[in-house]
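The values are calculated or read from the model by the stated rules, or taken from the named source; none is laboratory data. All of these numbers come straight from a predicted model, not from anything done at the bench. Using ideal geometry, Cβ is built from the backbone for each residue, glycine included, and neighbour counts are taken over all protein chains shown. Ligands, DNA and RNA are excluded from the accessible area calculation, which covers all protein heavy atoms including side chains. Shrake-Rupley method; radii C 1.70, N 1.55, O 1.52, S 1.80 Å.
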Amino acid sequence: KNRPDQDYVIYLDDDSFLNLPRMVMHLQHQNSESLAMGYVMETSLDWSQTHVCELCEPCGPCRKDENLRRFCSHFPDLALGGCMMAIQNCNIFNATADSQDDSLARCVSEKHREIMRLAEYFGSTKAPRWFLGMGWVFGRRIVQYLSRNAHRLKVRGAADVSLGFWLAPMEGVRFVAMNDGQFHDHPETRSTFSRSCTADTVLVHRMTVDRWTQGFRPERCELVC
């Protein structure tokens, strides 16, 4: 609506770094008005019954972890793997949480309630292909489709998961995954999506003031991490 002549729209989380020259190179290579680029996820909305062996390789140590089993026994509606996923989600935002902390137990309970609400809201236990909220790029055709139909789209679910439901009815979407080291979390977060910066890095999520100060090289528009 405001800039109809633009070829692409890039969304960034407010704690993401973008290497703009590298992003431009990727866009020049794709050259598609139906582009949907980001860290692609294909997941269940309801991950409460995830098996522990889907998260641990090998899974034996996780299955025998007495502290983990003791903590997760307080959540009978969660499989051990589902409990682990909730813990991982909580620890992304609270790196100091541990299984003895009451705040972690409250967080796990809230994560479980949240996924159940999402599954009910979207009417499905699985989500179409979606993008992590760290950042994504849409081509002009997709942006125009979303702008024309914004008043008809579901907007009260998780913002990043909603993208999958918005794109699902569209024909010809060119999905481009940036999962192989191009988009990632800062390595200090130690999350599932964290990696060290390389020459392939385009976007780094979960930046802080200290990480900007220590790692950003403005003369080259690069981040060292």
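Tell me, which strands (runs of 3 or more DSSP E) lie completely within segment 116-225 with 1 or more residues that are out of contact with any Phe, Trp or Tyr (no Cβ under 9 Å at 6 or more places or on another chain), open to solvent by 60 Å² or more (accessible area, probe 1.4 Å) and touching a residue at least 60 places away in the same chain (Cβ under 8 Å)?
Details: elements: 130-139, 174-177, 183-185, 203-205.
Here the list reads 174-177.
Scan ARG190, ARG195 and give me the residue that is in contact with an Asp or Glu (Cβ under 8 Å, 6 or more places away or on another chain) and among the basic types (Lys, Arg).
Values: ARG190 fails: in contact with an Asp or Glu (Cβ under 8 Å, 6 or more places away or on another chain).
Among ARG190, ARG195, only ARG195 is in contact with an Asp or Glu (Cβ under 8 Å, 6 or more places away or on another chain) and among the basic types (Lys, Arg).
Being surrounded by fewer than 17 Cβ atoms within 10 Å (Cβ to Cβ), without any contact (Cβ under 8 Å) to a residue 24 or more places away in the chain and over 20 Å from SER194 (Cβ atoms) is the filter here, so list the residues in segment 44-92 that pass it.
PRO58, CYS59, GLY60, PRO61, ARG63, LYS64, GLU66, ARG69, SER73, PRO76
How do the pairs read when you match residues in segment 21-43 that are more than 22 Å from ALA199 (Cα to Cα) with residues anywhere that are in a helix (DSSP H, G or I) and open to solvent by 20 Å² or more (accessible area, probe 1.4 Å), using Cβ under 7 Å and keeping only pairs 6 or more apart or on different chains?
Filtered contacts from segment 21-43: GLU33/ARG140; GLU33/ARG141; SER34/ARG141.
When you scan segment 34-96 for helices (runs of 4 or more DSSP H) that lie fully inside it, which ones turn up with 1 or more residues that are in contact with a His (Cβ under 7 Å, 6 or more places away or on another chain)? Explain how you work it out, then say what you get.
Details: elements: 60-63, 66-72, 80-93.
In segment 34-96, the matching helices (runs of 4 or more DSSP H) lie at 80-93.
Could you tell me which of the residues VAL173, VAL204 is touching a Leu at 6+ places or on another chain (Cβ under 9 Å) and under 20 Å from ARG141 (Cα atoms)? Give the steps one after another, and end with the answer.
Numbers: VAL204 fails: under 20 Å from ARG141 (Cα atoms).
Unique residue meeting the criteria: VAL173.
Yes or no, residue by residue, for (1) within 27 Å of ASP14 (Cβ to Cβ); (2) modelled with pLDDT under 95; (3) touching a Cys at 6+ places or on another chain (Cβ under 8 Å); (4) among the aromatic types (Phe, Trp, Tyr):
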| site | (1), (2), (3), (4) |
| --- | --- |
| SER99 | no, yes, no, no |
| ALA105 | no, yes, no, no |
| ILE115 | yes, yes, no, no |
| PHE131 | yes, no, no, yes |
| TRP136 | yes, no, no, yes |
| ILE142 | yes, no, no, no |
| LYS154 | yes, yes, no, no |
| ALA158 | yes, yes, no, no |
| ALA177 | yes, no, no, no |
